[in-house]
Each structure stands twice: as structure tokens, then as C-alpha cells.
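Just so it is clear, none of the values below were taken in a lab; they were calculated from the coordinates. All figures in this text were calculated on a predicted structure; none of them were measured in a lab. Counting neighbours? That spans all protein chains shown, and the Cβs are built from the backbone with ideal geometry, glycine included.
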């Protein structure tokens, strides 16, 4: 983890987050950078900052009582980390792990929580972030449908504009290996049910 307080880099980070970035620029933000495989949050860490992902990708998951991993959502550009904990005034029960280098806009809560709680723009962004995670978690529920059916449903309903972008995100959401996914994508493209429109990008035909 690395904290970056260079004003020019912070300004560039804010520009990557249109809307919410401008709102949060009034809360003394700085950049918090995480490397691949690093835990961004975990249940043993108190919430002292709100984090908004500006670049990179992280996986949000929980550990069940039997030790199994419960996949919750993918944190990508614009995702707020710490939204539920902020709303509940509590600690997290979730893990957030960086899957590549992740830059977050970090907002210190010390002395700013009450101001954030009265900021309607921040609260709207918080609600949107929670809703997105709820939608993702509902799609990640245990699903015994064939992988082919789950993939088509994922592309149609779980991807913005019904366009799948990124193999790693899809393997996480569909609970399958990269090899399985590549094989199925090739099959569905061959059948004319999916169309490849770029590297790692597919859409429903």
C-alpha cells in the first residue's frame, strides 16, 4: 500500500471519476495505491477511510463458516469501498483483494463523517454503489444452471449494455476457469450466439 498526496496526481485521479470525484474533492482526498494480491479491506481492519476505485479491479468476497469463499462483487472504476460499513457505523465482514494495481481516491473519515452524512450527492453515490453490489451478489448466488446458460444470462443482464468486457471478471462471476470460459466463448461465437468485438469483449448476437 502506498499513499500519494501529490496535488497534480490527485487532480488527475479526480478527473477519472466524473461526478463523484468532483463532489469528494472537497474532503481532502489523497490516492491510496494497492498492488496485485494485496488486501484493501478485511474484517480485522477498522474503517477509517472511504475508498473510491479510480483504476484497476478488485474482488469482494466473504469467508463462510465452513471455510468456503462466497463471491460478492467486483470493485471497478467508481465502486465505493466501505459504503455498507459507513452506513452501518460498523466494521466490515468482507474481504476486498486487488486483482491488479488498484488506485483509490481515499477520503479520511476523521472529522468529516458528519459532513459526509449531510452531503446528498455523496449519499446518492453511496446508494448507487450499494445497489450495484446487491445486484452483483444476487447474480453470484449458487446457480445450478449449465455454464452456457449462466454465461448468456450474465452477458445479457449482468454486463453494461449487454457487452462482456474482461475475462477475469467473468470467470469470477461465473465460478469457472479461464479455460472453460474461453472454450465456451469460442463455441457460442461459432454458433452465432455471441460476437467477439475486441480483446476480451463479447456481445449477444
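Of note:
- Segment 20-98: C-alpha gyration tensor shape, a/c 1.5 cut-off, then a/b vs b/c: prolate
- Share of alpha-carbon pairs per 10 Å distance bin for segment 147-204, given as whole %: 25, 67, 8
- Ranked packing of 55-62, 89-96, most packed first, by mean Cβ within 10 Å: 55-62, 89-96
- Prolate/oblate/rounded label for segment 52-205 (Cα gyration tensor, a/c 1.5): prolate
- Ordering of 99-109, 33-43 by burial proxy (mean other Cβ atoms within 10 Å per residue, highest first): 99-109, 33-43
- Cα centroid separation - segment 106-139 against segment 8-22, whole Å: 17 Å
- Between residue 8 and residue 176, residue separation times 0.36 nm minus the direct Cα-Cα distance comes to 56.4 nm.
- C-alpha long axis of helix 178-190 to longest principal axis of the chain, angle in °: 60 degrees
- The chain: calculated mean residue ellipticity at 222 nm from DSSP helix runs of at least 4, using -39500 (n - 2.57): -11000 deg cm²/dmol
- Segment residue 183-residue 148, extension gain: residue separation times 0.36 nm, minus the distance between their alpha carbons: 11.5 nm
- Sorting the segments 154-162, 78-86 by their mean number of nearby beta carbons within 10 angstrom, highest to lowest, gives 78-86, 154-162.
- Degrees between helix 120-139 axis and first principal axis of the chain (Cα, 0 to 90, nearest 10): 30 degrees
- Radius, Kirkwood style, for segment 2-139 when every pair of distinct Cα atoms is counted (Å): 15.1 Å
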